[in-house]
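Shown next, in structure tokens, is the structure this report addresses.
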Amino acid sequence: MTISLASKSRPARLSEVVGQRHATSVLLKALQKGALPQQILFSGGSGLGKTTLARCVAAALLCESPVDGDSCGACQSCLDISTPSRIHPDVVEFDAASNGQKEQIKDLATRAQTAPQRGTHRVYIIDEAHGLSREGGQAFLKLLEEPPPHVIFMLATTDPEKMLRTNRSRCVEFELTRPTDKELAEHLVRVATQEGLALSLASAEMLVETNDPNLGVRGLLMTLEKISPALSWGVAPSDDEVATMLGVPPTAKMAALLKAVDEQDKASVLNILDKLRSASSDDALKRSLTSALRRRLLNDPSNINALRFGLAVQTPPGALHLDLLCARLASEQQSVTTDLVDAHLADARAVIAELRAALELSISLRQKPLPEVLSETPPQGEKTRDKKETQTSVTPGKETASEPAQKKSGVPQQASSPASSKKEAQPQTDLLKPLLDALIAQKQQHAAAAIKAASPSIEGLKLTLSPPTKELRARLDTHRQVIKDAASKLGLQVSIRKTQ
């Protein structure tokens, strides 16, 4: 039976696992101290090594001559676990996707009570743990909560969200991540050297860049195995030859394409694209282009690269779409302009101002009566009432000289009455000020000034505006939608009375 390259190069020790330092370092410390948790969950994408990591932990736990907590890789126990054709009596692999029913879990619970045959522990590796049925997961919960002292459960899943929350919460979870491109390329060279394959680091980096990242380390090794006959000739192939074998665009031509994009030379971009099509499919070209833009974005996180990468990701597959994408990338319209930056800054300021109005201003104005709120000076350029009126505040229990002027301007007596009627003024103070500030933050000063001059009153959830003149009513009608939008954020309905 032929063993695949992915199986032959599977790590047998924790120290050999690629790119999961955050998990292996913690597990090694626990093994050294003899404090390994009895319930461990490995989660992460396909091909990242969840089951492999579980086997490495099992080998280290049952090793006859452990080295600093890790397995020796040479004793009978280690070889029984790491060799595909051999079986260790105390390591049981269980596929929950096909064996996750209630009766099968009950059978597992019965067998778990059995004492280990060779070592001090029995290890159960449960693959595709999210495949447990609901009844099976509930039956497993009791066993997971109180496992026999000699049992270690290690669960592996690509979708932890589908697991029962109670089962997941009982485990110490390690989320595996994709190794860095550098770690993967070095791993490929190491595997190729062990297999007698001539692979340069540059070619290994090309394999990493062009491989689907969702396939993980296992998918990368399968790609290496696909081109292994050509690598076994004894002479390392050139980058272009490796690209041809993989069916991906050569690095030099991709660099030329990106240079033409930067120079906004559409004719050259489309010409190079036609030449690339002779060696690569449109899907491979789009993947390579997206990958190249992603790398540029990581190295130079500027707005222009973000725009280009986002455009490449969102473009659907197909020859025509690829042509349009490349022409669009070479367009001047993709340049970051001052107007674009200013627009983003204005949006940010508006959001900040609105949050302040909602969270802070209503609190700071609790002791400020409504007439004083209405008498604040409107934005420059608006017609205001007499300066004496705008600067006059109302003191509880005392009449002021501003009352006649307020009556003349059409402000109802209720609005200019003393703040002794605290129950009536308080809801208006809390709601009206954030409304006016929200309008001002959105640069709608004219609408805010029109509300101030229109005898505003709030009853329940209704904001009523009574314009004293036809001119003011016309101005309110102009800003009606703006006022309604701002008021709706506070849960208010707007009503504008007819001018007498």
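Read-outs throughout are calculated quantities, based only on the coordinates presented, and are distinct from any laboratory measurement. Values in this document were obtained by computation on a predicted structure and should not be read as measured data. All Cβ positions, even for glycine, are placed from backbone atoms using ideal geometry, and neighbour counts span all protein chains on display.
In percent, rounded to a whole number, the relative contact order of region 251-334 is 40, using alpha-carbon pairs under 8 Å and six or more apart.
Between the amide H of E195 and any residue lying 5 or more places away or on another chain, no distance stays under 5 Å, with hydrogens modeled in the peptide plane. Global dimensions of region 125-227 from alpha-carbon coordinates: Rg and Dmax equal 18.9, 53 Å. The protection proxy used here, the mean number of other Cβ atoms lying within 10 Å of each residue, ranks peptides 118-131, 193-206 as follows, highest first: 118-131, 193-206. For I496, the residues whose amide H sits under 5 Å from its own are L465, ignoring neighbours fewer than 5 places away on the same chain, with H placed 1.01 Å from N. In order along region 9-26, phi translates into HN-Hα couplings of 9, 5, x, 9, 10, 4, 5, 9, 5, 8, x, 10, 4, 4, 8, 5, 5, 5 Hz, rounded to whole numbers, per the Karplus curve 6.51 cos²θ - 1.76 cosθ + 1.60 with θ = phi - 60° and x for Gly and Pro. Sorted from longest to shortest, the spans of the Cα atoms of region 5-175 along the three principal axes equal 41, 34, 32 Å.
Peptides 70-78, 36-44, ordered by how many other C-beta atoms sit within 10 Å of their residues on average, highest first, read 36-44, 70-78. The alpha carbon gyration tensor of region 184-316 gives principal lengths a ≥ b ≥ c with a/c of 1.5 or higher and a/b greater than b/c, which makes the shape prolate. The amide H of V172, built 1.01 Å from its N in the peptide plane, has Q39, I40, L41 as neighbours under 5 Å, considering only residues 5 or more places off or on other chains. Rounded to the nearest Hz, the phi-derived 3J(HN,Hα) couplings of region 82-96 under the Karplus curve 6.51 cos²θ - 1.76 cosθ + 1.60 (θ = phi - 60°) are 8, 8, x, 8, 10, 10, 9, x, 9, 10, 10, 9, 10, 8, 6, where x marks glycine and proline. Counted residue by residue at 0.36 nm each, then reduced by the alpha carbon distance between them, the extension gain from E161 to A306 reaches 49.2 nm. Rounded, prolate or oblate: which one fits region 251-334, using the alpha carbon gyration tensor with axes a ≥ b ≥ c (rounded when a/c is under 1.5, else prolate when a/b beats b/c, else oblate)? Rounded is the answer for region 251-334, as its axis ratio a/c remains below 1.5. For region 269-277, putting each phi into the Karplus relation 6.51 cos²θ - 1.76 cosθ + 1.60 with θ = phi - 60° gives couplings of 4, 5, 5, 5, 4, 5, 5, 5, 5 Hz, in residue order, rounded to whole numbers and with x for Gly and Pro.
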